[in-house]
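The values are calculated or read from the model by the stated rules, or taken from the named source; none is laboratory data. Computed from a predicted structure; not experimentally measured. Virtual Cβ from ideal backbone geometry, glycine too; neighbours counted across all protein chains shown. Accessible surface areas use protein heavy atoms only, side chains included; no ligands, DNA or RNA. Shrake-Rupley method; radii C 1.70, N 1.55, O 1.52, S 1.80 Å.
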Amino acid sequence: MSQVFDVVIIGSGLAGMSCALSLDSKYKIALISKGQLISGSSDQAQGGISAVMDDEDNFDNHVRDTFVAGAELGELEAIKYIITHAPNSIEWLMAQGVRFNTENGELHLTREGGHSHRRVVHVDDFTGHAVQTVLAQRVRERANIQVFENSIAVDLITDKHKRLIEQKSKDARCYGVYVQNRATHQIDSIQARFSVLATGGAGKVYKVTTNPDSNSGDGIAMAWRAGCRVVNMEFMQFHPTCLYHPHAKSFLISEALRGEGGILRLPSKDGQAGHRFMFDHDERGELAPRDIVARAIDFEMKKNGIDCVYLDMTHLPEAFLREHFPNIYAKCAELGIDMARQPIPVAPGAHYTCGGVATDLAGRTDIQNLYAIGEVSYTGLHGANRLASNSLLECVVMGQSVAQNITQVAAKNFKYEAPELLEWDASRVIPADEAVMITHSWDALRQAMWNYVGIVRSNKRLEWAGKRVRLLKEEVNAYYTQYQITPDLIELRNLITCAELIINSARFRHESRGLHYSLDYKRELPKALPTIMTPKN
C-alpha cells in the first residue's frame, strides 16, 4: 500500500513534533512513531532546555560555554544561530501550553555542568515528558497531521526504488520512506514531497546506555545508505551518572543534581564518607563538562576495582530534594534508596550521539527534499562533546528552521508527482530456528562496542572492534536479503552500520579531544577538525 503526503516526518520526539506543529495546517503531514506518540529520548529527558533568559547572562556566555564544552570543535555559526533563537523557542513552547517552573513570577533557572550561569529552563526533573505531553496533545488536535504509531522506518525511498527511471538525476532525491507496521510486519510506502529525519541517536549500540530501546541509529544508517555524508560519529557522549541498580534499566540521574550541589564520592570506608574525587581530575569538580566527569568516574572505577561511585545529596534538605527532583526521588525510593540519607550509586552509560547526518542551518542534507533534525543530525552545535541541556534546545530551534525552509521552497514550487515504485518483496518467511541469530548478534555487537569503543580507546581496541563488526555485517546482510524483515532485524542492521561509522571515525582521529580519548594519541592537536565520512555509492 502506498500513501502520499506533503511532508513525512520520521520520529515523534521533540524535534519531529516541533517541526510538524510549526508547519502550516494546509500541508498534509505524516508523523511516523516507532512506538507510541509519546516515547523515546525526548520523553525521558530530565534536566531541561538551556536558554539565555536572565539579565545577568548573555548570548556570548552561552556560545562560549558551548564551544568550550565541545572542545572547540563546534561550528560557531551554528552555535550562534541556535543559541540566539533559544529564547524564542522557549516562548513558543510556553505558547503551546508548556508550564515551566517559576519562582517569584519569573522562570526558575537551574545550572548544570559546563554552564557559567543559571540558564536551564525546566519542569521539575521531568522536563521532556512535560513538554512531549503538551505537544502530543497539540499534534492530535491538528486534522492535517496523521500519526502512524508502532511503525518502523525500513529505508528511504530514492531514485533506485522507482519503477521507471527515465534518466539519471543530477542530484539525488528522496521521495519518502518505506515503513513496517510492527504488529503485522506489513511494509508500505509513504511518499512525500519533503521527508524529515527526526529519529534520534544510536545509543543502543552500547551495552550500557541511558537511551530507550528505540535509539538504534535508524536515521543515520538510512541516510548513509541513501548517500548522505555523516560527521563526527566518534563523539559518543557517556553520561556520567546512570543509576547503578540491578532493577533500574536506563534510568538517568540528572546533571541538575550536581548543578544543585551534588558531590561525587568513592565508596565509604569505616563509616566515613567516601573521598570526593572530582577535584583530583578537574578544578571545576562536579561541574566540569560531561566528558571529563565520565572519564574521571571510569578511571576511579578501574583504579579501585569498583562497579560504581556515589552521588551524595545528603547535605541538602529533604524538602528541597523532594521539591526539585520528585521523579528521581521517587525512583530511588522505589528501589530502597533514600537519597536524602543515602548516596546514590551511579556509573557512566552511553547517552548522546554528538555526530550525525550532515546538515546546514535549514536542516537540509546532501539529498534533495531530505532534512534531518535533532540527535540524528550534525549541525555543528555540539562539537566533540554536548553541553548539558543543549539537545532539547536544538530540537526545537532546528525543527522550526526546517518548517520555515519547507514553507519557503513550497511557496516557489510545490508541484509534485509521486513516482511509481517497485513493490516490496513480501514473500520471504523467517524460519523460527534462525531467529536466535538476531539476538546473539545484537548482544555481540553491543558488548564489543562497550569493551573496545567506550570511554577510553586505543588503536588495538578499535582494530578488534572493527574485525568483529565486519563479521557481523556480513552475516546480517546475508540474513537481511534472504528472510522476512522484522523490526529487530531492521534495528540490528542499522546499529551495525552506526557501529562501523563510529569505529572508522575513531580510527581517523589521531588525537584525544572531547569524548574521544585515545591511549595512543593522548594529546590534543593544535587545530580542531571534523571527521567527515562520505558514502562510496
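Translational D (Stokes-Einstein, µm²/s) of region 441-502 at 20 °C and 1.002 mPa s when Rh comes from the Kirkwood sum over C-alpha pairs?
Reported coefficient: 180 µm²/s.
Roughly speaking, what is the centre-to-centre gap between region 78-110 and region 272-347 when only Cα atoms are used, to the nearest Å?
The distance from the Cα centre of region 78-110 to that of region 272-347 comes to 28 Å.
Please give the per residue accessible area of region 163-267, computed with a probe of 1.4 Å over protein heavy atoms only, in Å².
Accessible surface, normalised per residue, equals 33 Å².
Give the long-range amide H neighbours of residue 172: residues separated by 5 or more places, or on another chain, with amide H under 5 Å away, using H modelled in the peptide plane at 1.01 Å from N.
Excluding prolines and chain starts, which carry no amide H, the hits are 368.
Of all the Cα-Cα pairs you can form in region 275-381, what percent are over 22 Å apart?
Taking all Cα-Cα pairs of region 275-381, the fraction more than 22 Å apart is 55 percent.
Contour minus end-to-end for residue 525 and residue 315, with contour as 0.36 nm per residue of separation and end-to-end as the Cα-Cα distance?
71.5 nm
Can you give the percent of C-alpha pairs in region 1-108 whose distance is more than 16 Å?
In whole percent, the long-distance tail amounts to 70.
If you project the alpha carbons of region 408-537 onto their three principal axes, what span does each projection cover, largest first, in Å?
Dimensions of region 408-537 along the principal axes of its Cα atoms: 54, 53, 21 Å.
Under the rule of at least 5 residues apart or a separate chain, name every residue whose amide H is placed under 5 Å from the amide H of residue 344.
Correct list: 311, 312, 313.
Would you calculate the separation in nanometres between label points at residue 282 and residue 36, each defined as 7 Å from the Cα along the Cα-to-beta-carbon direction?
3.6 nm
What net charge is computed for the residues neighbouring residue 58, neighbours being all others with C-beta under 14 Å from the C-beta of residue 58, Lys and Arg scored +1, Asp and Glu -1?
Counting the neighbours of residue 58, the net charge comes to -2.
Mind checking the full-extension length gain between residue 451 and residue 84? Use 0.36 nm per residue of separation minus the Cα-Cα distance, one decimal, nm.
That works out to 128.2 nm of additional length.
Taking only C-alpha pairs under 8 Å that are 6+ residues apart, what is the relative contact order of region 53-110 in percent?
Relative contact order of region 53-110: 27 percent.
Could you tell me what percent of the accessible area of region 159-256 is made up of carbon and sulfur, with a 1.4 Å probe and every protein chain present?
49 percent
Testing the spin-label approximation: label points 7 Å from Cα along Cα→Cβ at residue 184 and residue 55. State their distance in nm.
6.1 nm
So what is the relative contact order for the chain, in percent, with contacts set as C-alpha pairs under 8 Å and at least six apart?
Over the chain, the number comes to 22 percent.
Could you order peptides 355-361, 70-76, 324-330 by the average number of other Cβ atoms within 10 Å of their residues, highest first?
Per-residue Cβ counts within 10 Å, averaged per peptide and sorted highest first, yield 355-361, 70-76, 324-330.
Quick one: 3J(HN,Hα) in Hz for region 376-392, Karplus 6.51/-1.76/1.60 with θ = phi - 60°, rounded, Gly and Pro as x.
5, 9, 10, 9, x, 5, 8, x, 8, 5, 7, 6, 3, 6, 8, 6, 4
Can you check what the net charge comes to around residue 275, using other residues whose Cβ is under 14 Å from the Cβ of residue 275 (Lys, Arg +1; Asp, Glu -1)?
Residues near residue 275 contribute -1 overall.
Return the Rg/Rh ratio of region 63-135 with Cα-based radii and a Kirkwood Rh.
1.01
With each label point set 7 Å from Cα along the Cα-Cβ vector, what nm distance links residue 362 and residue 464?
Result: 4.8 nm between the two label points.
Which whole-Hz ³J(HN,Hα) couplings does region 34-43 yield from phi under the Karplus relation 6.51 cos²θ - 1.76 cosθ + 1.60, θ = phi - 60°, glycine and proline marked x?
Computed from phi, the couplings for region 34-43 are 5, x, 6, 4, 9, 6, x, 5, 4, 5 Hz.
If each residue of separation counts as 0.36 nm, what is the full-extension length gain between residue 268 and residue 102 once their alpha-carbon separation is subtracted?
Stretched out fully, the residue 268 to residue 102 stretch lengthens by 56.0 nm.
Just checking my list (1) 44, 31, 26; (2) 42, 24, 21; (3) 36, 27, 22 against semi-axes √(5λ) of the Cα gyration tensor in Å computed from this structure; which label fits?
(3)
Could you sort the peptides 34-46, 85-97 by per-residue average Cβ neighbour count (10 Å cutoff), highest mean leading?
Per-residue mean Cβ counts within 10 Å order the peptides as 34-46, 85-97.
If R₀ is 22 angstrom, what is the calculated FRET efficiency for the pair residue 307 and residue 444, using the beta carbon separation as r and rounding to 0.05?
Efficiency for this residue pair is about 0.45.
Carbon and sulfur together cover what percent of the accessible area of region 444-497 at a 1.4 Å probe radius?
With neighbouring chains kept in place, the figure for region 444-497 is 47 percent.
From the helices alone, meaning DSSP H stretches of at least four residues, give me the mean residue ellipticity at 222 nm for the chain, per-run term -39500 (n - 2.57), in deg cm²/dmol to the nearest 500.
-11000 deg cm²/dmol
So if R0 is 35 Å, what FRET efficiency would residue 143 and residue 323 give, r being the distance between their Cβ atoms, rounded to the nearest 0.05?
Approximately 0.30, to the nearest 0.05.
Please name which of 51, 78, 128 has its Cα lying farthest along the dipole of region 35-146 towards the positive end, using unit charges on Cβ (Lys, Arg +1; Asp, Glu -1) and the Cα centre as origin.
128
With every protein chain in place, what's the accessible area of residue 302 (1.4 Å probe, Å², nearest 10)?
Around 130 Å² of this residue is reachable by solvent.
Counting Lys and Arg as +1 and Asp and Glu as -1, each charge on the Cβ, what is the dipole of the chain about the Cα centre in debye, to the nearest 20?
The dipole of the chain has a size of about 1360 debye.
Which value, in debye to the nearest 20, gives the size of the charge dipole of region 254-349 about its Cα centre, when Lys and Arg are +1 and Asp and Glu are -1 at the Cβ?
Dipole size: approximately 140 debye.
Add +1 for every Lys or Arg and -1 for every Asp or Glu among the other residues with Cβ under 13 Å from the Cβ of residue 378, and state the total.
Once all neighbours under 13 Å are counted, the net charge is -3.
Output wanted: per-residue J couplings in Hz (rounded whole) for region 234-240, from phi through Karplus 6.51 cos²θ - 1.76 cosθ + 1.60, θ = phi - 60°, x for Gly and Pro.
Each residue's phi maps through the Karplus curve to give 6, 8, 9, 7, 9, 6, x Hz.
At what distance in angstrom do the alpha carbon centres of region 4-42 and region 212-250 lie from each other?
Between the Cα centre of region 4-42 and that of region 212-250, the gap is 20 Å.
Starting with the highest mean, order 272-278, 362-368, 7-13, 202-208 by the number of other Cβ atoms within 10 Å, averaged over the residues of each peptide.
7-13, 202-208, 362-368, 272-278
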